[in-house]
Amino acid sequence: MRRAGLALLLFGSIAIVVGTLNGYGSFFAWNGRHPVDSVVLGDAPIVRTLVPEPGRRYTVSVQVAFDRAGLETHDGATVVEAKMPLVVRVKDPAGTTRAEAVGWLDPREPPNVLYGQAAPNARSAELAPASSTQARWGRPVPELAAERLVGPFIASSAAPLSIAVDLGADRVGRVRIAERRLVVYDDALPPIIRNAIIVAAAGAGAVLTGVALLVASWFRRRGAPRKRGGIPAGGVV
């Protein structure tokens, strides 16, 4: 019993450390959105069907990735001039609009957000080939992309939702577009974080069980009768 308790205590402690370390960094790097669907957008409008999980929160994202080649920089940030008309509507089977965005996808105007414009630096993109995602010294070049979020909205039932997206052509024409895509997120924990929590919880259970076994073994040893020496009663010297 004592050996089993020590083994559970040891393996439980290791599981807690491993689960905590693996989940800690991933949890704080998580932006609260878990991708559940993605599709490349062409020139024509599309309608995408989403079968949601009831009670789960969803967010629609329209993203446009740009080619860094030939772009100017200002104060260490890549300058992206683009403007695309955008219409996004999320509707339920009854035709009720659950989320909507009508306007422009313009990296310079909120609520659009431009990512990757300042990293790693102005020279790194020039050092790497246009089709490469890695600079010559081995450091990855972050994607230069604009994003427009639509929502969030909560799915009240499992009824399919339609996501209509109409993203027009760039009206400025000063930057080459590498890819246009639609991404759907929910608020579920990513598997790496969920698995880390499970491992840490299992480790905590093993530690508690190991401590219980060690305590029981200690009381068992304390309560065991001790052998006494001497001459038994009625014996002859």
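Work out how much length Val51 to Arg221 would gain on full extension: take 0.36 nm times their residue separation and subtract the Cα-Cα distance, in nm to one decimal.
Values: separation 170, 0.36 × 170 = 61.20 nm, distance 6.04 nm.
Taking 0.36 nm per residue and subtracting the Cα distance, the gain is 55.2 nm.
What net charge is computed for the residues neighbouring Glu147, neighbours being all others with C-beta under 13 Å from the C-beta of Glu147, Lys and Arg scored +1, Asp and Glu -1?
Numbers: positive: Arg33, Arg148, Arg180, Arg181; negative: Asp106, Glu109, Glu143, Glu179.
Here the count lands on 0.
Apply the Karplus curve 6.51 cos²θ - 1.76 cosθ + 1.60, θ = phi - 60°, to the phi angles in the stretch 93-110 and return the couplings in whole Hz, x for Gly and Pro.
x, 7, x, 6, 6, 8, 7, 7, 9, 10, x, 10, 9, 10, x, 8, 10, x
Read the figures in this text as sums done on the coordinates, not as results from a lab. Note that the structure is predicted; figures quoted are calculated from it, not measured. Cβ coordinates were reconstructed from backbone atoms using ideal geometry, including for glycine residues, and neighbour counts include every protein chain displayed.
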